[in-house]
Amino acid sequence: MTTPAPGAQRERSPWLVLFVLCLGFFMILLDTTIVNIAIPDMGTDLDASLDQILWVINAYVLVYAVLLITAGRLGDLWGPKRMFIAGLVVFTLASAACGFARNPEQLIIGRIVQGVGGALLTPQTLSVLTVIFPPEKRGAAFGIWGGVAGVATIAGPTLGGFLVTNFGWEMIFFVNLPVGILTVALAAWAMPGLKLNRRHRLDTLGTLLATVGLFLVVYGLIEGEPHHWGKVWGPVTIPEVIGAGVLVLIAFGWHQYATRGGEPLVPFSIFADRNYSLMNWVSAAIAFGMLGLFLPLVIFLQSVVGLSAFHAGVATAPMSLVSMVIAPVAGRLADRLGGKWILFAGLSLWTAGMGMVVWLSRQDAGQWTLLPGLLVAGFGLGFTFAPLSTIAMRNIAPRVAGAASGVLNTTRQLGGVIGSAAVGALLQVQLSDHLRDSAREHAAALPPQVRDQFVAGFSNAASGSLHIGAGQTGVQLPPDVPAQVRPAIEAAAAATFHEAFTAAMRTTLILPLAVLAVAALSCLLIRRRRLDLGVPGTAEPEPAAAAAR
């Protein structure tokens, strides 16, 4: 049974608690989108390769995903308030460390620590909302919670672009400091001291297996192309690393199933509900699509279209603005009508909109060329947040809310990890082919004595040393290039990179679009309950309103 912790203060309004939870969640999502918009400038300032930039993104997401289930359990054991505040403190301090980083390695370490803080914080949001709001109001609460994603997406590219353009990329991390301090103070004052469940121990072996397995799989995906999908550690090859990771994850699943009568990290009983299981897959697919689509798109807007970080953020802001406005409306509709068809329509529109974005992407694109597709995608995205959370958590008993929230957030983040890594790897493969072909084509216009060196430069860059900073063309010209041929080489290099990257991106983005399309079709399998049809008298087995007073 859910009870306040001993000595807990008088509980505040659940809507006030929702605000505090969303503020912390906002900071986590803001950091992700800000980092994406700052990729070209970080790559230029830190002299980071595309491979290192992928690790700046994925180190955070990997650690975040691995620790979410454990953090959900810790919330059950020690209380979500303590874990929420601890996560805020860790994340805020790590943000300061990221801002002071002076090389890619320091930034990656800071991002790892950020992932720890984000993981401690995130599971507590959904688990607390499931407890403090009664079933008939959860859709609206989840709609607001989901709408935070839209706000963060707007604030990330736009605010991040402004900060990067005017103050440098370091400010994208320093902006977390005042937000983090304010949220810690509010959480200490407003959050209820709930104990969602009492656990006697953590599944240490399960945590170790999940960590090792996920690391091996994602490491293999990120490092595959730079190592030509061959040897990476002595005689060990990339396919062997990925295969070992899959085997460890299978062992993790067996271990969780074998200990289902004890205290497993993942209680298999929560997957007995078809809707919860389906929403885990759909959530992972959505994250796969989001990170997979936006990583190449951000590079395209700045390195091909030529927009500044700020203007690139403004160009993508309409999608987020529409999503932010639609999300609360979708939550109220999910309360009244059920979420199945709302979610299906949202995912379908989002997939169609992003398909339009890919179709409109070309070398001569301007700042607003992609606007029609982004508006359709934003409308669809706004209809996914609240229905997904409502469908997933509707039948979850409060006593396992922490574990269920941790698992749901973990699968979402795993989808993002795999999506970012898989799309990054596929993008590098496509760039290898397109850069070589395009370089040979444009080398024909150069003096004969520099043609071979020009083609070789792009061929080597495509194998892992590709630089994609703002205004760069993929490679750095050597300083001894004669002044009389340098303008011609620079023009040929720019044309080569723009042509190759655009073609590679359009081919690569077929993958996340296909995943999103399958996720939309999966929504047809959602089981509609009598509550979805508006039949009075339908209640959940364990109402979760006890703590909302």
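The values are calculated or read from the model by the stated rules, or taken from the named source; none is laboratory data. What you see is a predicted model; the values in this text were computed from it and never measured. Here the Cβ is made from the backbone with ideal geometry for all residues, glycine too, and neighbour counts use every protein chain on show.
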Any chance you could count how many residues in the range 431-442 are crowded, with 21+ Cβ neighbours inside 10 Å and more than 22 Å from residue 228 (Cβ to Cβ)?
1
Is there any pair linking a residue in the range 316-344 that is in contact (Cβ under 8 Å) with a residue 12 or more places away in the chain to one that is outside any helix (DSSP H, G or I) and surrounded by fewer than 19 Cβ atoms within 10 Å (Cβ to Cβ), with Cβ under 6 Å and at least six apart or on different chains, and which?
338/528; 340/528
Kindly indicate whether any position in the range 69-80 is within 12 Å of residue 121 (Cα to Cα), not β-branched (Val, Ile, Thr) and not in a helix (DSSP H, G or I).
yes
Taking the range 132-143 only, how many residues are surrounded by fewer than 24 Cβ atoms within 10 Å (Cβ to Cβ) and either free of Cβ contacts under 8 Å to residues at least 60 places away in the same chain or part of a helix (DSSP H, G or I) (or both)?
4
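Taking the criterion of being at pLDDT below 85, among the small types (Gly, Ala, Ser), within 22 Å of the chain's Cα centre (by Cα) and not in a helix (DSSP H, G or I), would at least one residue in the range 210-225 satisfy it?
yes
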Output the residues belonging to the range 495-549 that are in contact with a Leu (Cβ under 8 Å, 6 or more places away or on another chain), in a loop (DSSP other than H, G, I, E, B) and either at pLDDT 75 or above or aromatic (Phe, Trp, Tyr) (or both).
509, 526
Could you check, for the range 26-33, whether at least one of its residues is surrounded by fewer than 24 Cβ atoms within 10 Å (Cβ to Cβ), outside any helix (DSSP H, G or I) and at pLDDT below 85?
no
Only one of 51, 45 is of a type in the set (Asp, Glu), over 26 Å from residue 253 (Cβ atoms) and out of contact with any Ser or Thr (no Cβ under 9 Å at 6 or more places or on another chain), namely 45
Pair list, Cβ under 7 Å, 6 or more apart: the range 300-311 residue part of a loop (DSSP other than H, G, I, E, B), other residue surrounded by fewer than 24 Cβ atoms within 10 Å (Cβ to Cβ) and among the hydroxyl-bearing types (Ser, Thr, Tyr)
308/165
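Restricting the range 375-393 to residues that are of a type in the set (A, V, I, L, M, F, W, C) and closer than 12 Å to residue 348 by Cα, which is surrounded by the most Cβ atoms within 10 Å (Cβ to Cβ)?
So the residue we want is 381.
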Select from the range 345-381 the residues that are of a type outside the set (A, V, I, L, M), within 21 Å of the chain's Cα centre (by Cα) and more than 18 Å from residue 510 (Cα to Cα) and list them in ascending order.
346, 378, 379, 380
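Being out of contact with any strand residue (DSSP E or B) (no Cβ under 6 Å at 6 or more places or on another chain), closer than 27 Å to residue 191 by Cα and either in contact (Cβ under 8 Å) with a residue 24 or more places away in the chain or in a helix (DSSP H, G or I) (or both) narrows it down to one of 56, 113, so name that one.
Residue meeting the stated conditions: 113.
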